[in-house]
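The structure appears right after this line, and notes come after that.
The values are calculated or read from the model by the stated rules, or taken from the named source; none is laboratory data. Being a predicted model, the structure only gives us computed values, none of them experimental. Positions of Cβ are backbone-derived with ideal geometry, glycine not excepted, and every protein chain shown enters the neighbour counts. For accessibility, only protein heavy atoms count, side chains too; no ligands or nucleic acids. Shrake-Rupley method; radii C 1.70, N 1.55, O 1.52, S 1.80 Å.
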Amino acid sequence: MTERSCLSIVLAAGEGTRMKSDRSKVLHEVAGLPMVAHVVRAAAAAGSDRVALVVGRDAETVEAVATPHTANVTTYLQKERLGTAHAVLAAQEAIEEPADDILVLFGDTPLVRPDDLAAARMALSEGAAVAVMGFYTENPFGYGRLIEEDGQLVDIREEKDASFLEKQIQFCNGGLMAIAGEHALELLRGIGNDNAKGEYYLTDIVALARAEGYEVVAREIAFESVLGINNRVELAEAEAIWQRRTRHRMMVDGVTLMQPASVHFSWDTAIGQDTLVEPNVVFGPAVSIGRSVTIRAFSHIEGATVADSAEIGPFARLRPGAELADKAKVGNFCEVKKSRIGEGAKVNHLTYIGDAEIGARSNIGAGTVTCNYDGYAKHRTTIGEDVFVGTHTSLVAPVTIGPGAYVATGSVLTEDVPGDALAIARGRQVNKDGRGKILRERLQAQKQQKS
Ligand code: UD1
Ligand code: CA
């Protein structure tokens, strides 16, 4: 995109009653990110330097979820819900500051893509005063119909105001619009509410711009891009489309998905080339996976950073703050939280590692548990390089094991272990000759007495 400045106005003041929720509709999440944040990200990616959010409730929360995704967000409250043009004018202050392009987007269309917005802006840069993004559908009921004459967009007719013939039109307003900044205020202020709903329709801008002799165009985009979410069924549909798109992108980018439809991604999941993901893996937010990693079936990963050639699962759980260095291994039924597993270190079976640091090449035996919590505070476990922790060890934190140390199986470690030492922290074994037999005979006799 050229040096044209751009203001995006995101309409999000709708009641959202069909969501049946205590939260504003646009705060509901797709791929773990509120819908409105998806829209704001698309706006930023398409070169918006300012974003105006028009909200009816939850203004602070909506602004807070949008802010991390673009530098310049301002929220405007639309006190009464008098229509889409009225909503746009709630951001009048923002419109008064000069911008070449103004994009109007809906906060409940989370699948809108930067390319769609760029196409709308392109139409303005080619001379249009208004560009409307439309889609074709066999079920146009409820949408504004795009009225064209000689291939030119001349008006938009809302369902309730449409004649029988107009209702047959299948080219519909997607709700995404671009308006030349220099004409925006003049056109928006000209919009009245003399229609079937008594609302200020943004769509009237088309006929008004025409009457002024400005160029108005309609461009086609995919229906998906402007899919509006009104209830939780549609929210699930949007999620499904988002997941499908993302699986496709991951595979194109060099990630092998053994059974793509069974893998769930978050909006920010990052995975390097040549990584293999087996079936039924869930990626929660804030996961970054390196190259050539193997993630086996049924693993659940969130807030984790995994370096190249590591191996995870099957049935592994990486929780926030889990960090795996190159070639580290976290195997079946292991949970790792807020811990760093060093290069080539192995945590392979039935183990909990929390608030710990495990040095390179160390091996943590099956069933080892970091006892990191005393009911009040969390404590750290520090394990050096080349340490061998025997099976079924309890590491009562805070505790430190020096490099090269060896911890005997079944130990309950409550004290630090110096480097290269052998720590044995368990009861000694005692064998009493013949006593097993005596015990068995006594138990048998007791049983016979009872029956
Ligand atoms: C609107 C369009 C219609 C288009 C359809 C696409 C108008 C008049 N109609 O109809 O041509 O086919 O979207 O989905 O623009 N909003 C506010 N404040 C208001 C009114 C609406 O913030 O006072 C917001 C809503 O939260 C929503 C968006 O604007 O995000 C669209 O409003 P909605 O009432 O859903 O418009 P539609 O009747 O669906
Ligand atoms: Ca709608």
Find which of Ala120, Gly384, Ala91 sits farthest along the positive direction of the dipole of the chain, computed with +1 on the beta-carbon of Lys and Arg, -1 on that of Asp and Glu, about the Cα centre.
-> Gly384
Go through Lys79/Lys160; Lys338/Lys378; Lys25/Lys167; Lys20/Lys167; Lys25/Lys197 and tell me which ones have a Cα-Cα distance over 21 Å in this structure.
-> Lys79/Lys160; Lys25/Lys167; Lys20/Lys167; Lys25/Lys197
Starting at the first residue of segment 20-32, write each ³J(HN,Hα) from the Karplus equation 6.51 cos²θ - 1.76 cosθ + 1.60 with θ = phi - 60°, in whole Hz, x for Gly and Pro.
-> 6, 9, 7, 9, 4, 3, 6, 8, 5, 9, 10, 6, x
Simple spin-label estimate for Glu220/Asp194, 7 Å along Cα→Cβ, in nm, reads 3.6
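So between Ala377 and Glu212, what do we pick up on full extension, going 0.36 nm a residue minus the alpha carbon distance?
Values: separation 165, 0.36 × 165 = 59.40 nm, distance 6.96 nm.
Extending this stretch completely gives an extra 52.4 nm.
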For segment 203-315, the fraction of alpha-carbon pairs in successive 10 Å shells from zero, as % = 13, 36, 20, 13, 9, 7, 1
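Show Thr17, Thr409 ordered by accessible area, largest first, where the area counts protein heavy atoms only and the probe is 1.4 Å. Don't jump to the answer; show the numbers that get you there.
Numbers: Thr17 105, Thr409 70 Å².
The most accessible residue leads, giving Thr17, Thr409.
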Considering only DSSP beta bridges where both residues belong to the chain, give the percentage that are antiparallel (nearest 5).
-> 20
With all protein chains modelled, accessible area of His38 [1.4 Å, Å²] = 20
Proximal aspartates and glutamates relative to Lys329, as straight alpha-carbon distance under 18 Å, when same-chain residues fewer than 8 apart are discounted | Asp274, Glu278, Glu302, Asp308, Glu311, Glu343, Asp355, Glu357, Glu385, Asp386
Given Cα pairs under 8 Å that are at least 6 residues apart, what percent is the relative contact order of the chain?
-> 8
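Got the relative contact order for segment 141-287 handy, in percent, Cα pairs under 8 Å and 6 or more residues apart?
In percent, rounded to a whole number, it is 16.
Counting Lys +1, Arg +1, Asp -1, Glu -1, what net charge surrounds Asn72 among other residues with beta carbon under 9 Å of its beta carbon?
On the way: positive: Arg50; negative: Asp49.
Cβ neighbours under 9 Å give a net charge of 0.
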Rounded, prolate or oblate (a/c below 1.5 giving rounded, otherwise prolate when a/b exceeds b/c) for segment 309-371 by Cα gyration tensor = rounded
Protection proxy ranking of 421-431, 309-319, 237-247 - average other beta-carbon atoms within 10 Å, highest first | 309-319, 237-247, 421-431
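Roughly how many percent of the accessible protein surface of the chain is carbon and sulfur, given a 1.4 Å probe and a whole-percent answer? Please report the intermediate quantities before stating the final value.
Values: 10570 of 21790 Å².
The value for the chain is 49 percent carbon and sulfur by accessible area.
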What is the distance in Å between the Cα centres of segment 418-451 and segment 241-313?
-> 49
Sort 377-384, 321-328 for me by packing, meaning the mean count of neighbouring Cβ atoms within 10 Å per residue, highest on top.
-> 321-328, 377-384
What is the spread of the Cα atoms of segment 369-451 along each of their three principal axes, largest first, in whole Å?
-> 57, 33, 16
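Which whole-number value in Å² is the accessible area per residue of the chain, probe 1.4 Å?
Values: 21790 Å² over 451 residues.
Result: 48 Å² of accessible area for each residue.
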